[in-house]
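The values are calculated or read from the model by the stated rules, or taken from the named source; none is laboratory data. The structure displayed is predicted, hence computed values, not measured ones. Cβ placement follows ideal geometry from the backbone for every residue including glycine, while neighbour counts extend to all protein chains displayed.
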Amino acid sequence: MKTIAVGVSSVKDLQKRTAAAFRGQRQGAHISFASEEILWKTITPKRWAMLKLMAGQGPMAIRDIARRGDRDVRAVHSDVHVLMTAGLVERTDDGRVQFPYDAIHVDFVLSTAA
């Protein structure tokens, strides 16, 4: 199963992961956001549902994603662009889009305010 980890990381955490990668330690697919707010602004409930619909399905036309998700094509097109900018989906050579993973692992810690 091909999984991507999505989380909230500080610059220090990203630097540690980068240094580990340069030492040859596999890091796997990982996308980090600077805050929970940015994560949830990027992965809204409708975009989350879209990712679930696309997981493991291979390349899909935007119209097909909209039809399967019972959504407006323009709204899906807009959401696809946000998810492409975030690195979660990619466009194929034939113009379709794909979420090239079977699963998403969301990882961040909720703690009390200081």
- Counting only residues in the stretch 44-64 that are in a helix (DSSP H, G or I) and more than 16 Å from the chain's Cα centre (by Cα), the one nearest to I4 (Cα to Cα) is identified as I62
- Message: I'd like to know if the stretch 22-36 contains one or more residues that are in a helix (DSSP H, G or I) and at pLDDT 80 or above.
- Response: yes
- Message: Criterion first (of a type in the set (G, A, S), in contact with an Asp or Glu (Cβ under 9 Å, 6 or more places away or on another chain) and either surrounded by 16 or more Cβ atoms within 10 Å (Cβ to Cβ) or farther than 17 Å from T92 by Cα (or both)) does A66 satisfy it?
- Response: yes
